[in-house]
Amino acid sequence: LDMFSPLIFHNHQNLMFERPAVIYINNDMGLDCFKVYSNIAAKHGVQVEYSEAYDGNQKDFKDIVNKILKYNIDVVYVSGFGESYVSFVKQFNSDPRTSNIVLTGDMTFSLPDTKSKIGTPKSQIYYADGIISEQFSNIYSSYYGEDVNSYAAYTYTIPFMLESAINTGCSLNDIVGIYKHITDTTFNTSVGLLHFMPNGESNLQFSIKKL
């Protein structure tokens, strides 16, 4: 959720958007995304004008697209994953009435599977993506023959931190010990130098990319 600050700043300062909507998957993660996005947008003087949750197996998004148009939205943030996420993006993107509305999201847009299913975007799509170290990017591309994405980098980072904790004497059941080690240590990882604070926030850096 650290990604919302640079994403909202980019939307508000660089692209001058004032009427955002948040479309989020109907689970705890989606609700958290909506709450954090709304709070950070408010700090920039922007109010979320429309929000709606969608089900993980939802296929028809005509009603949501029509509401986005009804509320005169100029930028949409969509959270989620899987086929319902792709269905929303494709239906939003294929409606000629949304051509002037910018769609934003997170690193889900960086996944090769998402990109291939969405196809060539007709709308402007921006997303927040983690900054990945050049060394890791080169190793990954050389081994797998494709560009690295944030999910791959995070997948390597998490077991790396756990291994570090275990090497200091923690067991996998020692949640308190692992937590203390992670918050006391700065790790040299696939996403650069990474440090977690006791409240769960990190110094993870994000960049804004255009699909």
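Scanning for something polar (S, T, N, Q) and modelled with pLDDT under 90, does segment 75-89 turn up at least one residue? Walk me through how you get there before you give the answer.
Step one: list which residues in segment 75-89 are polar (S, T, N, Q), which gives 79, 84, 87.
Okay, now just the ones that are also modelled with pLDDT under 90, so none.
No - not one qualifying residue is present in segment 75-89.
Per the conditions (1) part of a helix (DSSP H, G or I); (2) within 28 Å of residue 204 (Cα to Cα); (3) open to solvent by 10 Å² or more (accessible area, probe 1.4 Å), the sole criterion not satisfied by residue 24 is (1).
Which strands (runs of 3 or more DSSP E) does segment 105-197 wholly contain that include 2 or more residues that are surrounded by 19 or more Cβ atoms within 10 Å (Cβ to Cβ), touching a Cys at 6+ places or on another chain (Cβ under 9 Å) and in contact (Cβ under 8 Å) with a residue 40 or more places away in the chain?
Values: elements: 125-130, 186-189, 192-195.
Fully inside segment 105-197 and qualifying: nothing.
Look through segment 43-71, keep the residues that are hydrophobic (A, V, I, L, M, F, W, C) and part of a loop (DSSP other than H, G, I, E, B), and return whichever of them is surrounded by the most Cβ atoms within 10 Å (Cβ to Cβ).
In this case the residue turns out to be 61.
Residues in segment 38-55 that are more than 25 Å from residue 97 (Cα to Cα), of a type outside the set (A, V, I, L, M) and touching a Phe, Trp or Tyr at 6+ places or on another chain (Cβ under 9 Å): 39, 44. The single condition among (1) touching a residue at least 12 places away in the same chain (Cβ under 8 Å); (2) in contact with a helix residue (DSSP H, G or I) (Cβ under 9 Å, 6 or more places away or on another chain); (3) on the phi < 0 side of the Ramachandran plot that residue 39 does not meet is (1).
For segment 83-98, which residues satisfy the criterion of being without any contact (Cβ under 8 Å) to a residue 60 or more places away in the chain, part of a helix (DSSP H, G or I) and open to solvent by less than 40 Å² (accessible area, probe 1.4 Å)? Hits for segment 83-98 are 84, 86, 87, 89, 92, 93, 98.
May I ask you to list the residues in segment 72-82 that are surrounded by 15 or more Cβ atoms within 10 Å (Cβ to Cβ) and more than 12 Å from residue 50 (Cβ to Cβ)? Quick ask: steps written out before the conclusion?
As a first pass, look at segment 72-82 and keep what is surrounded by 15 or more Cβ atoms within 10 Å (Cβ to Cβ): 73-81.
If the condition is that a residue be surrounded by 15 or more Cβ atoms within 10 Å (Cβ to Cβ) and more than 12 Å from residue 50 (Cβ to Cβ), then 78, 79, 80, 81 are the ones that fit.
The values are calculated or read from the model by the stated rules, or taken from the named source; none is laboratory data. For clarity, every value in this text was computed on a predicted model and none was experimentally measured. As a convention, Cβ positions derive from the backbone with ideal geometry for all residues, glycine included, and neighbour counts pool all protein chains shown. Surface accessibility is based on the protein's heavy atoms, side chains included, excluding ligands, DNA and RNA. Shrake-Rupley method; radii C 1.70, N 1.55, O 1.52, S 1.80 Å.
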